[in-house]
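Encoded as structure tokens, the structure appears first; notes follow it.
All of the numbers you see were taken from the coordinates with simple rules; none came from a lab. Everything numeric here is computed off the predicted structure, so don't read it as measured data. Cβ coordinates were reconstructed from backbone atoms using ideal geometry, including for glycine residues, and neighbour counts include every protein chain displayed.
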Amino acid sequence: MILHPAARIGLVSLFALFLVTVAATAPAGAQSGTVGPSGFPVPRFVSLKSDRVNVRVGPSRDHRIGWTFVRAGLPVEIVQEFENWRRIRDWEGSEGWVFHSLLTGRRTALVTPWESAMITPLREEPRSDARVVAELSPKVLGEVGQCKEGWCEVSGDGFSGWIDQTRLFGVYPDETVE
């Protein structure tokens, strides 16, 4: 099929208008920079507020549910914001949208969820030569008290102490948490 040059220009203009319209209405482009519409930094870590949190494929209740978290307190990373919706990433790298009220600023962390069997020492003080007070298995969930100089103070059911910050999902490397 051969188009007249004027018809080609019309099709190109129509296609360009279509692309501009899609880009202007797509929620994926809603977030840029380091502070989201909420006024908080993006990305950042938060935790799940409820034992049942639906994660959707898009930022509205009209989008289908991709999966459901069934454990309160799990840490997730907010990577994008759109109105009252937060795009989150879990420790496995899966992403989806959650309504903001299902998240809390409470800081928690998972111990080495990327490993299957390696034990992580929990220390009495934030030093590699400090006494070991417990040995934590992968995917143990703890509450983060503070992080400084590469160490985080964590506590949970029957344990409290300091752990090497690189052994946690829920805090950034070298992040200071007060």
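A compact table of results
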{"quantity": "Summed side-chain charge close to Cys147 - residues other than Cys147 whose Cβ falls under 9 Å, Lys, Arg +1, Asp, Glu -1", "calculated": "-3"}
{"quantity": "Loop-located chymotrypsin sites (Phe, Trp or Tyr not before Pro) in region 72-126 whose Cβ has at most 15 other Cβ within 10 Å (DSSP)", "calculated": "Trp114"}
{"quantity": "Selection of trypsin sites (Lys or Arg not before Pro), region 120-159, meeting DSSP coil and at most 15 other Cβ within 10 Å", "calculated": "Arg127, Arg131, Lys139"}
{"quantity": "Karplus-derived HN-Hα couplings along region 109-125 (A = 6.51, B = -1.76, C = 1.60, θ = phi - 60°), whole Hz, x at Gly and Pro", "calculated": "8, 9, 7, 5, x, 7, 10, 9, 9, 5, 7, 10, x, 9, 10, 5, 9"}
{"quantity": "Interchain or long-range residues, amide H under 5 Å from Gly73's placed H", "calculated": "Leu48, Lys49, Ser50"}
{"quantity": "For region 30-106, alpha-carbon Rg and Dmax in angstrom", "calculated": "11.3, 32"}
{"quantity": "Proximal charge balance of Thr176 [Cβ under 10 Å; K/R count +1, D/E count -1]", "calculated": "-3"}
{"quantity": "Length added when fully stretched, Asp129-Ser155, from 0.36 nm per residue minus Cα-Cα", "calculated": "7.4 nm"}
